[in-house]
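Student: Dumping the structure here so I can ask a few things about it.
The values are calculated or read from the model by the stated rules, or taken from the named source; none is laboratory data. Not measured: the values here are computed from a predicted model. We place every Cβ from the backbone using ideal geometry, glycine too, and count neighbours over all the protein chains shown.
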Amino acid sequence: SRKVALQQTFRYTGSTIIRTTVILGLGLVPFSLSGYLSIHLLGTYLVFVLGCAVLGDLLLLPSLVFLFAKDNAPET
């Protein structure tokens, strides 16, 4: 079923998605501390975008799968 498939996907990749986002975010934090405006904005916005992306991956995407999945599609 879709529910079981999403649970197995989260179990397999959920922690990896979070870990990767945290590592990338921590790697970009020094850029946000820069005195040079464009580098500061780059670091700030990229950390924000990474946070939004992980929320989208973990919260929005599963909801969209349930919302837009065809009811007549065969469930395995």
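Student: If residue 49 satisfies all but one of (1) of a type in the set (A, V, I, L, M); (2) within 27 Å of residue 2 (Cβ to Cβ); (3) at pLDDT 90 or above, what's the number of the condition it fails?
Tutor: (2)
Student: Collect the residues in the range 17-70 that are surrounded by fewer than 12 Cβ atoms within 10 Å (Cβ to Cβ) and among the hydroxyl-bearing types (Ser, Thr, Tyr), keeping them in residue-number order.
Tutor: 36, 38, 63
Student: What number of residues in the range 1-31 are at pLDDT below 90 and over 13 Å from the mean Cα position of the chain (by Cα)?
Tutor: Looking only at that region, the number is 11.
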